[in-house]
Each structure stands twice: as structure tokens, then as C-alpha cells.
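A short write-up of the structure that comes next.
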Amino acid sequence: MPGLVRRPLVIWLLAALAVPVLLTAVLIPAKAGTTEDDLRDRTVAALKARGIETSSVDFDGRDAKIVVPGDVDPAQVQEIAAGIEGVRAVRVEGGSPPTPTPTSAPAEESGVPEFEVGRTDRSIRVQAPVKSQAVKDAISAEVEQLLGPDREYDDRTTIEADGLADAATISPLLRALAIGTGDASVRYDGDKVTLSGEVPDQATKATVGRAAAKAVPGAVVADELKLPTPPKSAVSEPCRTFPTRLAEFSRQYKINFLSGTSIVNNASKPSVVRAAAVLKSCTTVRVEVAGHTDDLGSPATSLPLSERRAAAVKAELVRLGVNGDRILAHGYGQAFPIASNATGAGRIANRRAELRVVQGN
């Protein structure tokens with residue numbers, strides 16, 4: 001009887017060992033398939049993010065095989081796919097490498113020797129090798145036509161076998177540089193054409209640039225030419241002193257109003273006339289007329305009253321000949337008293353209009 005008890009126990013132990021083995025056999029292929037799908041999805045997404053469409057993306061384990069259309073750079077696809085975490089190897093089929101961009105011939109092959117053409121207030125300078133005396137004479141004749149009465153020719157040309165074949169290379173430069181005063185030059189060092197100095201206007205600057213590009217086709221042109229700084233507009237003495245004079249006017253002369261109205265009181269009418277005279281002495285500065293009230297009314301009524309007071313003073317200034325476009329009229333109600341509202345004199349002082357320069361003139 002003890003033997004019958006042990007036999008079922010052995011069977012159950014064997015069954016318990018077999019179950020993990022069977023589960024492993026089933027799950028490993030499933031996991032491998034899941035890994036390949038994940039790698040394929042992430043590879044396709046990475047390529048699409050770079051604007052690359054593929055014909056197919058397949059994985060054998062962690063090894064990728066990617067087929068791309070003929071207009072795709074396979075090296076770029078290889079680089080993107082190899083950078084994805086988990087990918088072990090990448091094989092790309094199809095595609096074609098990009099066609100290299102042809103480069104322009106270097107300036108050294110232009111056949112133009114080094115030269116410099118320049119001008120100052122006193123001279124026109126040509127420093128260049130030329131092939132013959134005829135070319136030298138042609139350049140000299142060109143310069144003589146451009147010198148004028150105040151310049152001389154600084155001839156630094158030399159006759160050499162590999163020099164300029166004719167004067168046409170630098171003639172346009174001579175004509176362009178002759179315009180204007182001060183120092184300016186065009187120098188070719190065998191690699192780059194450098195334009196430096198000052199020219200009188202943008203049109204001359206463009207002419208010199210075109211002539212330099214034509215003189216040495218294919219060379220890099222470094223345009224360092226400068227235009228003259230426009231002179232600052234002169235400020236007249238009345239406008240220069242205007243802010244100070246307006247502030248002094250405001251200290252000496254007051255513009256006050258009858259209580260509850262936008263009517264300037266009799267004592268203040270001459271002040272408005274004087275204000276117009278100050279404003280007309282400088283016609284470019286913008287000013288603000290600020291209207292104020294005492295505190296007898298409510299804030300709700302004081303603000304529109306102060307605006308009417310400012311508008312009334314502006315209207316009178318315009319009538320007296322001041323350009324209305326340069327006057328801003330604003331009301332501030334009872335917010336900014338300059339005297340106590342507890343006295344009659346204080347309330348009269350607060351019923352006022354003030355003139356001040358607008359910031360940003």
C-alpha cells in the first residue's frame with residue numbers, strides 16, 4: 001500500500017517540471033516575433049521622420065533588411081537604421097548615392113594675375129602686371145580721362161609675360177572708382193577680390209561690385225565698401241531750447257478755469273496766447289495739454305470735465321495758429337492736485353491745464 005501512494009506523487013512532480021518547459025517553448029517564438037515587429041515599427045518611424053519612404057523593412061531577429069526606391073541615399077538609410085536601439089546589422093538594397101554638386105573652377109584658374117586699382121583725393125593708382133607696352137599705354141590713356149584737375153596717375157604697372165592681356169579687365173573698375181572722393185580700392189590677391197573704402201552712394205557701390213565680378217569671373221568678391229554716414233539733421237536753437245522754455249512758461253504762467261466749466265478764466269487768457277507763441281517758435285515738437293479738476297465733483301464727472309478742459313485749450317491754440325497734429329489733449333480728473341482742495345485758492349490752482357513735451361520727440 002505505501003508503494004501505491006508514492007507513484008501518484010512521482011507523476012505529479014514530473015508534470016510540474018514539464019509545464020515550464022512547454023511554456024518556454026511556446027513563448028520564445030512569440031517574444032522573438034514581438035521583438036522583430038517592434039524593431040520594424042521603430043525603423044519605419046525613424047525613416048519617415050527624416051522624410052524617407054521605403055519599399056520594405058524586414059527583420060530576421062535583430063538584423064534588418066531594408067529595400068528603398070532609386071531616389072533614396074542608401075548611406076543615409078544605413079546610418080538611421082543602425083542608430084536604432086536593438087538593431088544589430090543593417091543591409092540596404094536599392095537607392096542611389098546623391099550626385100556630388102559640381103564646384104566652380106577656382107579663381108586661380110581664371111588666368112587673371114594679382115592686381116590693385118585704387119583712388120584717393122589726390123591720385124588714381126594701378127598696380128598690375130601687363131603683357132605689353134600697348135596694354136600699359138591703354139591703361140594710362142584710360143586713367144588720364146578720369147583724373148580731373150586735382151588728381152595724378154600713380155602708375156605701378158609692370159610688363160611681364162603672364163600679365164594682363166588687355167586693359168578691358170580693369171577699365172570698368174577705373175571708371176567706377178573714379179566716382180567720389182576719399183580712399184577706395186579693388187584688390188585681387190589671386191583668390192579673392194576685396195572692395196574697400198568709401199563710395200558716395202548705393203548705385204556706385206553696385207557698379208563697383210559688378211565690375212569686380214566681371215574682372216575676375218568665379219572669384220569670391222568681399223564687398224567692404226562703405227557709404228557715407230548721412231548727416232544728422234541740424235536742430236535749430238529754438239527747438240533745442242524748447243523743452244526748457246516750455247517748462248519755464250508753465251512755472252510762470254497758469255491756465256485755470258471757472259468752476260465746473262471748461263471756460264478759461266479771464267486771468268488765464270493771456271497765458272494761452274503766450275503758450276501759442278512758445279509752441280509756434282518750434283514747429284516740430286509734439287506737446288500734451290493735460291486737463292485737471294478740483295475735488296468738488298465726483299471722479300465720474302471730474303474725468304470728462306478735465307478732458308473737455310484739455311480739448312478747449314487745444315482748440316484755442318489751434319485757433320491761434322498752432323498745428324493741431326502736434327497737440328495731444330488728455331484729461332486726468334482730480335487725480336493730480338498741486339494744492340490743497342480745502343481752500344478756495346487751492347481749488348482754483350487745481351482747476352488747470354498744463355503743457356508738457358511728449359516723450360519720444
Checklist entry - Counting only residues that are more than 30 Å from the chain's Cα centre (by Cα) and among the hydrophobic types (A, V, I, L, M, F, W, C), which one in the stretch 232-245 is surrounded by the fewest Cβ atoms within 10 Å (Cβ to Cβ)? => result 235
Item to check | Test for residue 154: is it outside any strand (DSSP E or B), open to solvent by 20 Å² or more (accessible area, probe 1.4 Å), of a type in the set (Asp, Glu) and modelled with pLDDT of 90 or more | outcome: no
Checklist entry - With (1) assigned to a strand (DSSP E or B); (2) more than 19 Å from residue 227 (Cα to Cα) as the list, and residue 195 as the residue in question, which single condition is left unmet? => result (2)
Item to check | Count - residues of the stretch 57-75 that are more than 39 Å from the chain's Cα centre (by Cα), outside any strand (DSSP E or B) and under 17 Å from residue 87 (Cα atoms) | outcome: 2
Checklist entry - Is it true that residue 82 is modelled with pLDDT under 85, over 39 Å from the mean Cα position of the chain (by Cα), over 30 Å from residue 143 (Cβ atoms) and open to solvent by less than 70 Å² (accessible area, probe 1.4 Å)? => result yes
Next on the checklist: For the stretch 162-178, give me each residue that is part of a helix (DSSP H, G or I) and open to solvent by 20 Å² or more (accessible area, probe 1.4 Å).
Outcome noted: 168, 169, 172, 175
Checklist entry - Are any residues in the stretch 184-193 open to solvent by 20 Å² or more (accessible area, probe 1.4 Å) and in contact with a Ser or Thr (Cβ under 8 Å, 6 or more places away or on another chain), and if so, which ones? => result 187
Checklist entry - Can you name every residue in the stretch 38-56 that is assigned to a helix (DSSP H, G or I), over 40 Å from the mean Cα position of the chain (by Cα) and without any contact (Cβ under 8 Å) to a residue 12 or more places away in the chain? => result 41
Next on the checklist: Condition first: modelled with pLDDT under 90, crowded, with 17+ Cβ neighbours inside 10 Å and over 28 Å from residue 221 (Cβ atoms). Can you find one or more residues in the stretch 136-149 that meet it?
Outcome noted: no
Item to check | Enumeration of residues in the stretch 309-323 that are open to solvent by less than 20 Å² (accessible area, probe 1.4 Å) and in a helix (DSSP H, G or I) | outcome: 309, 310, 313, 317
Checklist outcome for this item: Within the stretch 237-292, residues acidic (Asp, Glu) and without any contact (Cβ under 8 Å) to a residue 24 or more places away in the chain come out as 237, 248
Next on the checklist: From the list 229, 181, 204, exactly one residue is among the hydroxyl-bearing types (Ser, Thr, Tyr) and buried (at least 17 other Cβ atoms within 10 Å of the Cβ). Which is it?
Outcome noted: 204
Next on the checklist: Which of the numbered conditions does residue 263 fail, given that it passes all the others? Conditions: (1) open to solvent by 10 Å² or more (accessible area, probe 1.4 Å); (2) within 30 Å of residue 234 (Cα to Cα); (3) at pLDDT 95 or above.
Outcome noted: (2)
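The values are calculated or read from the model by the stated rules, or taken from the named source; none is laboratory data. As the structure is a computational prediction, the values presented were derived from the model and not from experiment. Reconstructed Cβ throughout: ideal geometry from the backbone, glycine too, with neighbour counts over all protein chains shown. The area values use the complete protein model at the heavy-atom level, side chains included, leaving out ligands, DNA and RNA. Shrake-Rupley method; radii C 1.70, N 1.55, O 1.52, S 1.80 Å.
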